[in-house]
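So that we are looking at the same thing, I have put the structure below in structure tokens.
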Amino acid sequence: MAALKVVRSGSRLLNGFQSLLNNPRKVTCGVAATVTKHPRWYCVSHLSVQERIERKRKAALSGGGQQRIEAQHRRGKLTARERVELLLDPDSFVEYDMFVEHRCSDFGMEADHNKYPGDSVVTGQGRINGRLVYVFSQDFTVFGGSLSGAHAQKICKIMDQAMMVGAPVIGLNDSGGARIQEGVESLAGYADIFLRNVMASGVIPQISLIMGPCAGGAVYSPALTDFTFMVKDTSYLFITGPDVVKSVTNEDVTQEELGGAKTHTAVSGVAHKAFENDIDALLNLREFFNFLPLSNKDSAPITECHDPSDRLVPGLDTVVPLETTKAYDMLDIIHGIADEREFFEIMPNYAKNIVVGFARMNGRTVGIVGNQPKVASGCLDINSSVKGARFVRFCDAFNIPIITFVDVPGFLPGTAQEYGGIIRHGAKLLFAFAEATVPKITVITRKAYGGAYDVMSSKHLRGDVNYAWPSAEVAVMGAKGAVQIIFRGKENQAEAEAEYVEKFANPFPAAVRGFVDDIIQPSMTRKRICRDLEVLASKKQANPWKKHANIPL
Amino acid sequence: MASHRVTPALQRVLFTWQHVAWKSRCCAVASHAKYSTVYDPAEKVHVKMADEAVCVGPAPTNKSYLNMDAILEAARQTGAQAVHPGYGFLSENKEFARRLAAHGVTFIGPDTHAIQAMGDKIESKLIAKKAKVNTIPGFDGVVKDAEEAVRIAGEIGYPVMIKASAGGGGKGMRIAWNDEETREGFRFSSQEAASSFGDDRLLIEKFIDNPRHIEIQVLADKHGNALWLNERECSIQRRNQKVVEEAPSTFLDPETRCAMGEQAVSLAKAVQYSSAGTVEFLVDSKKNFYFLEMNTRLQVEHPITECITGLDLVQQMIRVAKGYPLQHRQADIPINGWAIESRVYAEDPYKSFGLPSIGRLSQYQEPVNIPAVRVDSGIQEGSDISIYYDPMISKLVTYGSTRAEALQRMEEALDNYVIRGVTHNIPLLREIITHPRFVSGDISTKFLQEVYPEGFKGHQLSDSERWELLATAVALFVAAQLRSQRFLGNLRVSSSQQEQRRWELSVELEKGVHAVTVSRSGSTYAVDLDGKRVDVSSEWNLASALLPVTVNGTQRTVQCLSRSASGEIDLQYLGTSYKLRVLSKLAAALNKHMPEKVPEDTSSILRSPMPGSVVAVSVKAGDTVAEGQEICVIEAMKMQNSMTAAKTAKVKSVHCNAGDTVGEGDLLVELE
């Protein structure tokens, strides 16, 4: 086997050499006999190897050629290499497998003009703000970025190394799909990547940025990664395209409607955020990367911070309206407490009744989860539970403390929710908060009603520090509903309601039982959280040994 | 301060105004009186400073601050012996004063008959004439309908001014140059008068073109003594509402000042005025002055008079209300230095010099650390600016021994004023106070229209200012980039990677793209910009809203309004905010491939330019409208705005009804 390989590579060397002399696109297959006939060729070829390396490198750098590069630009997209260059620190990219070529010999693919050094993907490692990252960037100019066995092998190689050294992997997806000419080898390639996605999950952060088409089985790699970002107008994600949809379900749908950035960030929840264009996306990805630890063995990064950790936020004292029925924007609170009002929101357009995202507190990355009273009163439903659960699990996997702001009237009632399985999906959020062992700080800003109170990182789910604002109301339900049940049929409902409000619509019932650790002035929230995070930085907590937990999927 | 003279009878004073919360508090404390206040649930700032506070109900104002019953009840609850009504709301309401008197509560202000006499524009002018005060020619008449308005206008001769009899300031005031405009003015003014004052009587008089608005502050007691406390020039106005005021005026000579002061005092005496009041005059270019009206209350702009005279007007009002005689004689009233007041509004100055904007003050920081700066406001960080009140954020007053010094301080104060979350008029204020015409004192009530005939467009950068701004943005970008590479206690950052010393960047401002190189040494950034060398140095605190920078030796305070990962930087520089984008050389080169996103065609859709309520919709689907034709009327902050069609077209659909509340940017009407 090994001998055979040597011969093969030898003959390929020769091919290349002859191509120097003849028309490079019309080379006949060389044989070993030619070499023995002219012993001097060895030293000649030695000289030429340098040149051939240069030629191959040049060819690799120009991908599918000038014409295709221009076509890519005309579509408003950058090339695979331009993207890598923008994403990484200047001169930090170290490329792997530039000389890898596909191995397909069917359908004329073996022809030399069908071979591109590096094939349809650029892989390697580099730095983002000085921190290590592995990157693959699919090259749409080479066979439409389709995935060959070699292409998959290149991706697997960097993923394996990323796991060994503990560094995130960023995939820049721009691929037409499987390399059909390669058949099952292409499918095997996908599976190899999927397996690594799964193995790497929870070990190193994995981020996908969809910058072009990504269809068919290919979509499952981004789906397995921690974050999927998209570029507006130029990227699509779907299992089958509009033509197949038409033939199967007779639905008329455009690419954009079926799998564009808007669909996936607002309707399906497949993608976590969308950006205006390639440059915008890549620059934002650099910013996003700064929030993440390199692996599950590293702590969340701490950056230099100019915002005083003991800053009071007077605006928070008036943010919660006096009337309990009136909405306010949870983002006002989050911006108020975060370093420099900076908040990288995840899924800002999906399940807007819960807000999740990253911020820093005194330079330290934190994950923030908050009910959004502005949307559907901040109730928990299927989508918001799943959105929250996935985010909490990411934070827990990667040592990112979780800060939870609670203003939740309960779970959303109704047949749609019950039939959709709100019980199962709501349990995910409960599960995620309960199993998390990272520092957990909770602030009840107003309502914390019913089971939703328990779910939202309550003291009972091992919350480390739980605060209530003076406006907090922790109870089984709101006054009106409660009175209707407790005093059913009684005449003086208004009086009963007043009594209930007096007893329960305040933080005391929870505070006297120690279910909240303190009642704090809202303006002090930032100061308190920063102090707690410092204390909790050395928190050690472990769950019982298990092969893995069985989250209600 | 005559605190020891306050008798126990005036221990509690109820202040029903917001903007001078702090001021009222100081006064009340100085007078050993308890300070009580009223509030509505939406805003609570001045409440904090009060000894006690009573809720008078939620906005809109006719249910809260204009609700006499609620305020009378508040007075009863707090046991107040006196009520200071502030300005606006109930300050000039004779009915309120009468009802207070009936409850045995002192109204801190003039007697009801003076309010009545001066509150009525027609009667006030008759009295003024009798008191030998110069009045505007051609003045007369209560107006019953549009045709009568046209007839009166014809008798007086155009141009004429139409306004509400009951209203103060410029509210409900319109100028007509012909019969058609008179009819329109009548319609608008009477509507506005009705909604603001509950009294739709109107007044038509000769309009004096290009005048200055100069007013005399008077102070009178209940013993027949009256003083004039010099003038305030309030000529800088938009839509007849004051924007920038100063005291004294650059225009008056001592003789004119004295003549105006004496006429003002004689008018005050003629109505047995007691308390502080203001006599407004129009002054033409030949220093002829005409009586306009008398405001029988404290004016918004009273602080500048306090600055130059050293008198505390609120305290004087309380003294007078208590029945004490004035402490000063006319000869004791000085003009010390110069004071300027800018009215900081939650308004978009790019839309007709200021259309109301609303929002939550996400960040708010007053420039009170600068010496000789006074800020009277009723809000704080976190306050909501709602559509229910006047959009005034604060009165910013600066004082100097000379006008130049006061102006210099105003410039500095405006640069250091942090307001985020609502659009504000600081760009306009800063442009006004630095405009050569204003600086030289060459102003009139037409100032804004004359200086900005095309509307206000923000500060126009000179070449050197442009370089300064570009260099500042680039230096800020580099500082932020460098910081994002600094991780604390992270051992996994490459040790071989050196901190970048030289940066090749590209910066974009107003479609102009410039290639720049930056090199940093310590806190100084040498920026090479189109062959010009600009040195920027700053100890950047990237968390601070205010960035003090030294650019080529000039010290400035720049505000960073926002900074995005994709290189967008919004800077407030010389008052105006500029959108810049800084990219690496590589990103800038690749930027040309990025697709242009097509913005929505706005000519066929009409969106609300501000939050407010729809008063009237004049079209329905299927109607054909001409360009400029009125489509609907939006009322916001007690002001009616006519929305017109941007092109001649058929109405496709109407998305609002009279009575609806709309937000900024809400779709009102679609055209085909």
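The values are calculated or read from the model by the stated rules, or taken from the named source; none is laboratory data. Note that the coordinates shown come from a computational prediction; the quantities given were computed from them, not determined experimentally. Because the Cβ atoms are built from the backbone with ideal geometry, glycine has one as well, and the counts that use them run over all protein chains shown.
With respect to the numbered conditions (1) more than 10 Å from every other protein chain (Cβ to nearest Cβ); (2) surrounded by fewer than 21 Cβ atoms within 10 Å (Cβ to Cβ); (3) not in a loop (DSSP other than H, G, I, E, B), which one is the sole condition not fulfilled by A:Thr265?
Of the numbered conditions (1) more than 10 Å from every other protein chain (Cβ to nearest Cβ); (2) surrounded by fewer than 21 Cβ atoms within 10 Å (Cβ to Cβ); (3) not in a loop (DSSP other than H, G, I, E, B), the odd one out for A:Thr265 is (2).
A quick yes/no check of all residues on (1) in a helix (DSSP H, G or I); (2) within 14 Å of chain B (Cβ to nearest Cβ); (3) in contact with a helix residue (DSSP H, G or I) (Cβ under 9 Å, 6 or more places away or on another chain):
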{"site": "A:His73", "(1), (2), (3)": "yes, yes, yes"}
{"site": "A:Asp91", "(1), (2), (3)": "no, yes, no"}
{"site": "A:Met98", "(1), (2), (3)": "no, no, yes"}
{"site": "A:His102", "(1), (2), (3)": "no, no, yes"}
{"site": "A:Asp119", "(1), (2), (3)": "no, no, yes"}
{"site": "A:Gln125", "(1), (2), (3)": "no, yes, yes"}
{"site": "A:Val133", "(1), (2), (3)": "no, yes, yes"}
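Out of all the residues in region B:524-540, is one or more surrounded by fewer than 20 Cβ atoms within 10 Å (Cβ to Cβ), within 10 Å of chain A (Cβ to nearest Cβ) and within 24 Å of A:Gly336 (Cβ to Cβ)?
no
Out of the residues in region B:371-398 meeting the condition of being part of a strand (DSSP E or B) and of a type outside the set (A, V, I, L, M, F, W, C), tell me which one is modelled with the highest pLDDT.
By that ranking, first place goes to B:Thr398.
Given the residues B:Ile443, B:Ile419, B:Ile432, which is the only one that is aliphatic (A, V, I, L, M), more than 14 Å from chain A (Cβ to nearest Cβ) and either assigned to a loop (DSSP other than H, G, I, E, B) or closer than 30 Å to A:Ile333 by Cβ (or both)?
Among B:Ile443, B:Ile419, B:Ile432, only B:Ile443 is aliphatic (A, V, I, L, M), more than 14 Å from chain A (Cβ to nearest Cβ) and either assigned to a loop (DSSP other than H, G, I, E, B) or closer than 30 Å to A:Ile333 by Cβ (or both).
If A:Ala468 meets every condition in (1) closer than 30 Å to A:Pro544 by Cβ; (2) at pLDDT 95 or above; (3) not β-branched (Val, Ile, Thr) apart from one, which number is that one?
(1)
Starting from region B:485-512, keep only residues that are among the aliphatic types (A, V, I, L, M), then list their pairs with residues that are in a loop (DSSP other than H, G, I, E, B) and at pLDDT 80 or above whose Cβ atoms are within a distance under 7 Å, requiring at least 6 positions of separation or different chains.
Going by the 7 Å Cβ cut-off, the qualifying pairs are B:Leu488/A:Glu304; B:Leu488/A:Gly363; B:Val493/A:Gly130.
For region B:540-558, name all the residues that are outside any strand (DSSP E or B) and either touching a residue at least 40 places away in the same chain (Cβ under 8 Å) or within 18 Å of B:Gln365 (Cβ to Cβ) (or both).
B:Trp540, B:Asn541, B:Leu542, B:Ala543, B:Ser544, B:Ala545, B:Asn552
Can you tell me which residues in region B:492-513 are within 13 Å of chain A (Cβ to nearest Cβ) and either touching a Pro at 6+ places or on another chain (Cβ under 7 Å) or surrounded by fewer than 12 Cβ atoms within 10 Å (Cβ to Cβ) (or both)?
If we filter region B:492-513 for residues that are within 13 Å of chain A (Cβ to nearest Cβ), which is where we start, we get B:492-506, B:508.
Residues satisfying the conditions are B:Ser495, B:Ser496, B:Gln498, B:Glu499, B:Arg501, B:Arg502.
Among the residues of region A:276-304 satisfying the criterion of being closer than 19 Å to A:Leu536 by Cα and hydrophobic (A, V, I, L, M, F, W, C), which is nearest to the other protein chains (Cβ to nearest Cβ)?
Selected residue: A:Ile302.
Something else about it: Does region B:506-514 include one or more residues that are in a loop (DSSP other than H, G, I, E, B) and of a type in the set (Gly, Ala, Ser)?
Checked against the condition, which is being in a loop (DSSP other than H, G, I, E, B) and of a type in the set (Gly, Ala, Ser), region B:506-514 yields no hits at all.
Can you tell me which residues in region A:396-454 are under 30 Å from A:Leu322 (Cβ atoms), among the small types (Gly, Ala, Ser) and part of a helix (DSSP H, G or I)?
The answer is A:Gly450, A:Gly451, A:Ala452.
Still on this model: Spot the failing condition for A:Gly315; the list is (1) over 18 Å from B:Gln485 (Cβ atoms); (2) crowded, with 23+ Cβ neighbours inside 10 Å; (3) more than 10 Å from chain B (Cβ to nearest Cβ), and only one is missed.
All conditions pass for A:Gly315, except number (3).
Let me ask something additional. Tell me, yes or no, whether region A:227-240 has at least one residue that is within 14 Å of another protein chain (Cβ to nearest Cβ) and on the phi > 0 side of the Ramachandran plot.
There is at least one residue in region A:227-240 that is within 14 Å of another protein chain (Cβ to nearest Cβ) and on the phi > 0 side of the Ramachandran plot.
Moving on to the next point. Which of (1) in a helix (DSSP H, G or I); (2) modelled with pLDDT of 95 or more; (3) surrounded by fewer than 24 Cβ atoms within 10 Å (Cβ to Cβ) does A:Gly144 not meet, given it meets every other one?
Failing condition for A:Gly144: (2).
Take B:Leu561 and decide whether it is part of a strand (DSSP E or B) and surrounded by fewer than 21 Cβ atoms within 10 Å (Cβ to Cβ).
Yes, satisfied.
For region A:125-150, what are the residues that are over 22 Å from the mean Cα position of the chain (by Cα) and either of a type in the set (S, T, N, Q) or within 16 Å of A:Val165 (Cα to Cα) (or both)?
Across region A:125-150, the qualifying residues are A:Thr141, A:Ser146, A:Ser148.
From the list A:Glu251, A:Glu256, which one is more than 26 Å from A:Leu187 (Cβ to Cβ), free of Cβ contacts under 8 Å to residues at least 24 places away in the same chain, outside any strand (DSSP E or B) and within 14 Å of chain B (Cβ to nearest Cβ)? Before the answer, list the steps.
Working: A:Glu251 fails: within 14 Å of chain B (Cβ to nearest Cβ).
Just a single option satisfies the conditions, and that option is A:Glu256.
If you go through region B:573-613, how many residues are more than 23 Å from A:Glu70 (Cβ to Cβ) and either surrounded by 19 or more Cβ atoms within 10 Å (Cβ to Cβ) or away from chain A (no Cβ under 14 Å) (or both)? Walk me through how you get there before you give the answer.
Here is the first cut: in region B:573-613, the ones more than 23 Å from A:Glu70 (Cβ to Cβ) are B:573-582, B:599-613.
Next, from what is left, pick out any that are either surrounded by 19 or more Cβ atoms within 10 Å (Cβ to Cβ) or away from chain A (no Cβ under 14 Å) (or both): B:573-582, B:600-613.
Residues meeting the conditions: 24.
Has region A:378-386 got any residue that is within 14 Å of chain B (Cβ to nearest Cβ) and either part of a loop (DSSP other than H, G, I, E, B) or without any contact (Cβ under 8 Å) to a residue 12 or more places away in the chain (or both)?
no
Please list, ordered by first then second residue, the pairs with beta carbon atoms under 7 Å, 6 or more apart or interchain, first in region B:236-252 and part of a strand (DSSP E or B), second buried (at least 20 other Cβ atoms within 10 Å of the Cβ) and among the aromatic types (Phe, Trp, Tyr).
That search, which allows pairs on different chains as well, returns B:Ile236/B:Phe447; B:Arg238/B:Phe353; B:Glu246/B:Trp338.
Tally time: how many residues in region B:94-118 are closer than 14 Å to B:Leu267 by Cβ and modelled with pLDDT under 80?
The total comes to 0.
Now, a different point. Only one residue in B:Val582, B:Val551, B:Val615, B:Val598 is touching a helix residue (DSSP H, G or I) at 6+ places or on another chain (Cβ under 6 Å), at pLDDT below 95 and not hydroxyl-bearing (Ser, Thr, Tyr). Which one? Lay out the reasoning, then the answer.
Details: B:Val582 fails: at pLDDT below 95; B:Val615 fails: touching a helix residue (DSSP H, G or I) at 6+ places or on another chain (Cβ under 6 Å); B:Val598 fails: touching a helix residue (DSSP H, G or I) at 6+ places or on another chain (Cβ under 6 Å).
Exactly one of B:Val582, B:Val551, B:Val615, B:Val598 is touching a helix residue (DSSP H, G or I) at 6+ places or on another chain (Cβ under 6 Å), at pLDDT below 95 and not hydroxyl-bearing (Ser, Thr, Tyr), namely B:Val551.
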